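Below is one structure, written out as structure tokens; the observations come after it.
The values are calculated or read from the model by the stated rules, or taken from the named source; none is laboratory data. For clarity, every value in this text was computed on a predicted model and none was experimentally measured. All Cβ positions, even for glycine, are placed from backbone atoms using ideal geometry, and neighbour counts span all protein chains on display. Accessible surface areas use protein heavy atoms only, side chains included; no ligands, DNA or RNA. Shrake-Rupley method; radii C 1.70, N 1.55, O 1.52, S 1.80 Å.
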Amino acid sequence: MLINMSLPLLKFICKLTVLILIPIFLVGCTSSSVRNNQADTLSTSGGFEKEIVKTSHFYLLTYQKISESNQIVSIYIEGDGLAYLDSYRPSLNPTPIDPVSLKLAVLDPSPNVLYIARPCQYVPREVNPNCQNEYWTSKRYSPEVVESINETIDKIKNNNKLQDVRLIGFSGGGSVAAILAATRTDVIDLRTVAGNLDTTKFTRLHNTSPLTGSLNPVDYADKLKDIPQIHFIGADDDIVPIEVVYSYQEKIKKFDPDLHCVTTQSFANTSHTEGWEDIWKKSILQVVACRN
């Protein structure tokens, strides 16, 4: 009797569960597709072409605007994207909701501009079997992540017969850009926007777990000290506050007390993601050089 009476209730619960889960699933899919479409539309408006590049560890999305061979290429590296849903839950898809680095790349009038998304952003997980959430959480700046972007740069350079590179990184993309600048031999200058340049300082400020398995730009201070670089800081940035860049500077000072090659600029009324497009329009062509 109890079993018979519970069947209608069970059927009702099953139907209710389906009605609840299907919209959630569809919203998740739509959200992901909307983010992809947003990036495609934005890049197309800037005259970029899309290419998925295969590397040793991941397939990476790139947008390219290449018109002059044997010239410098400006390379924009995306931030961490949607790494977490809240303080405890990693997202299932790190594709950025607000692709700040791509927005800045589209503004760049240089003849050769390359945008590189971070591993597991935009490219479906079934194409990227190595995309476990550790690669946008604790291992977001791991050797394999850095190497995949390094390989992408080499392939694009070789395919288009390009010369030196200018590295521009937003947020966590600034971490990757700095590490690449320290390890490559073709970098003419480094620029970061709200760049996470000391990951240990970053996690301590936010009282979160260390980024186990990730590389830290400050560990390359001796190699970075001679690279012309400028770091743009948002005065209202509570994600990567100014203390993170100051900590990076202190590490560089151990090798170059006068910071001959390191410049910082702080901007009022600018947060982690807001205000950078207007600033970038005035800063893209800014000369970055070491002082005598």
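With respect to Ser209, determine if the residue is in contact with a Lys or Arg (Cβ under 7 Å, 6 or more places away or on another chain) and closer than 29 Å to Asn133 by Cβ. Here the answer is no, as Ser209 does not meet what is asked. If only residues of segment 126-142 that are buried (at least 23 other Cβ atoms within 10 Å of the Cβ) and part of a helix (DSSP H, G or I) are counted, the one that is nearest to the chain's Cα centre (by Cα) is Trp136. Criterion applied to Val113, Val123, Val145 was being under 13 Å from the mean Cα position of the chain (by Cα) and either buried (at least 19 other Cβ atoms within 10 Å of the Cβ) or over 27 Å from Ile252 (Cα atoms) (or both), and the one residue passing it is Val145. In summary, Val106 fulfils each of the numbered conditions (1) open to solvent by less than 50 Å² (accessible area, probe 1.4 Å); (2) out of contact with any strand residue (DSSP E or B) (no Cβ under 6 Å at 6 or more places or on another chain); (3) outside any helix (DSSP H, G or I); (4) aliphatic (A, V, I, L, M) with the single exception of condition (3). Within segment 62-79, the set of residues being of a type outside the set (S, T, N, Q) and under 20 Å from Ile52 (Cβ atoms) comprises Tyr63, Lys65, Ile66, Val73, Ile75, Tyr76, Ile77, Glu78, Gly79. Just one of the listed residues (Ile156, Ile179) is touching a helix residue (DSSP H, G or I) at 6+ places or on another chain (Cβ under 7 Å), among the aliphatic types (A, V, I, L, M) and open to solvent by less than 10 Å² (accessible area, probe 1.4 Å), namely Ile179.
The set of residues in segment 119-134 being free of Cβ contacts under 8 Å to residues at least 24 places away in the same chain and more than 22 Å from Asp40 (Cα to Cα) consists of Pro129, Gln132.
Restricting attention to segment 248-277 and to residues that are among the β-branched types (Val, Ile, Thr) and in contact with a His (Cβ under 9 Å, 6 or more places away or on another chain), the residue that is surrounded by the most Cβ atoms within 10 Å (Cβ to Cβ) turns out to be Val262. Conditions: (1) under 21 Å from the mean Cα position of the chain (by Cα); (2) open to solvent by less than 80 Å² (accessible area, probe 1.4 Å); (3) of a type outside the set (D, E, K, R). Ala289 meets all but one. Number of the miss? Failing condition for Ala289: (1). If you go through segment 58-73 one residue at a time, do you hit one that is among the aliphatic types (A, V, I, L, M), farther than 25 Å from Leu190 by Cα and open to solvent by 10 Å² or more (accessible area, probe 1.4 Å)? Scanning segment 58-73, I find no residue that is among the aliphatic types (A, V, I, L, M), farther than 25 Å from Leu190 by Cα and open to solvent by 10 Å² or more (accessible area, probe 1.4 Å), so the answer is no.
Going through (1) under 22 Å from Asp186 (Cβ atoms); (2) free of Cβ contacts under 8 Å to residues at least 60 places away in the same chain one by one, Leu85 falls short only on (1). In the set (1) surrounded by fewer than 23 Cβ atoms within 10 Å (Cβ to Cβ); (2) among the aliphatic types (A, V, I, L, M); (3) under 14 Å from Ile239 (Cα atoms), Leu197 fails one condition alone, (1). Residue count for segment 74-94 satisfying the condition of being open to solvent by 10 Å² or more (accessible area, probe 1.4 Å) and of a type in the set (Ser, Thr, Tyr): 3.
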